[in-house]
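Colleague: This is the structure I want to talk about, given as structure tokens.
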Amino acid sequence: MEQARMAKDYDYLLKVLLVGDSDVGKHEIISGLEDGSSESPFCSGSAYKTTTILLDGKRVKLQLWETSGQGRFSTIIRSYSRGAQGIILVYDITNKWSFDGIGRWLKEVEEHAPGVPKVLVGNRLHLAFKRQVAAKQAEMYASRHKMACFEISPLCDFNIRESFCELARMALHRNGMERIWRTNKVLSLQELCCRTIVRRTSVYAIDTLPLPPTVKSHLKSYALTSSQCINTLTNNSKNRRVKTPTQTNSTRNSCCIS
């Protein structure tokens, strides 16, 4: 019974490996995920967490393995990469040395997991004023190696889910799931600003902000769109949960009326 119940928690299960040099923020990426287990069956030199994303109505559970960037853990990368269905290569946009080391990690991954979908992730976008790696340079490198490319910020919760969703699409597409192959990339920094402002204020309070009218109009549109999506998901989940009680209430009402 328990196994059958666990099987209903997701439609697809993917193992994802996060690799990169030390201090690029790999642990920051997975530590910000609130939904998921953090108990690892193997805890030596690695961090583990699970999270579930939604792709076209399908629940995709990701097992995220974050390995240490130190050289002495290269054997762990060799063992984990063999069973991985997706790889996230992480560098720090404020540290050019970490970007130069991506080639070494890419060679390691390709040796033990050839053909596995990969996403190049530039971490700590909130420190863009200290940038040492240009976004165009990273995009060209990713395109040359047939990878998707994202710049993310765990502090602002920017492009974290989007990068996971894109990697999941690539992995499922590789296994014949062409229907859910659609890009899910957020490129604009304007999205980050809108998301941050809307989270800290209400739709009605936007008019009081010291911003130009065009910006306020865009913020209102973004806030209304986001709230509609959240309400739709909430109503759908509520309808599924109260389906049985609704039937019992209808019988009670009919009894009262009679």
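Colleague: State all residues of segment 117-132 that are surrounded by fewer than 20 Cβ atoms within 10 Å (Cβ to Cβ) and in contact (Cβ under 8 Å) with a residue 24 or more places away in the chain; if no residue qualifies, say none.
Modeller: H126, L127, A128, K130, R131, Q132
Colleague: Any idea how many residues of segment 158-167 are more than 8 Å from the chain's Cα centre (by Cα) and under 18 Å from T50 (Cβ atoms)?
Modeller: Adding up the residues that qualify gives 1.
Colleague: Right, next: Give all pairs with beta carbons closer than 7 Å in which a residue from segment 19-32 that is not assigned by the TED database to the domain that holds N95 meets a residue that is open to solvent by less than 10 Å² (accessible area, probe 1.4 Å); count only pairs at least 6 apart in sequence or on separate chains.
Modeller: Filtered contacts from segment 19-32: no entries.
Colleague: Given the criteria open to solvent by less than 10 Å² (accessible area, probe 1.4 Å), in contact with a Leu (Cβ under 9 Å, 6 or more places away or on another chain) and in contact (Cβ under 8 Å) with a residue 24 or more places away in the chain, does G86 qualify? Don't jump to the end; show me each part of the working.
Modeller: Details: open to solvent by less than 10 Å² (accessible area, probe 1.4 Å): yes; in contact with a Leu (Cβ under 9 Å, 6 or more places away or on another chain): yes; in contact (Cβ under 8 Å) with a residue 24 or more places away in the chain: yes.
Yes, satisfied.
Colleague: Let me ask another. I need every pair where a residue in segment 47-62 that is assigned by the TED database to the domain that holds I160 has its Cβ under 6 Å from the Cβ of a residue that is at pLDDT 85 or above and among the polar types (S, T, N, Q), sequence separation at least 6 or different chains.
Modeller: Correct list of pairs: T50/Q63; R59/T52; K61/T52; L62/T51.
Colleague: Related question: Would you mind telling me which numbered condition in (1) at negative phi; (2) at pLDDT 90 or above; (3) part of a loop (DSSP other than H, G, I, E, B); (4) open to solvent by 40 Å² or more (accessible area, probe 1.4 Å) R182 fails?
Modeller: (2)
Colleague: A further question on this structure: Which ones in segment 89-116 are among the aromatic types (F, W, Y), crowded, with 21+ Cβ neighbours inside 10 Å and touching a residue at least 60 places away in the same chain (Cβ under 8 Å)?
Modeller: Y91, W105
The values are calculated or read from the model by the stated rules, or taken from the named source; none is laboratory data. Predicted, not measured: the structure shown is a model, and the values here were computed from it. We place every Cβ from the backbone using ideal geometry, glycine too, and count neighbours over all the protein chains shown. With ligands, DNA and RNA removed, areas are computed over all heavy atoms of the protein, side chains included. Shrake-Rupley method; radii C 1.70, N 1.55, O 1.52, S 1.80 Å.
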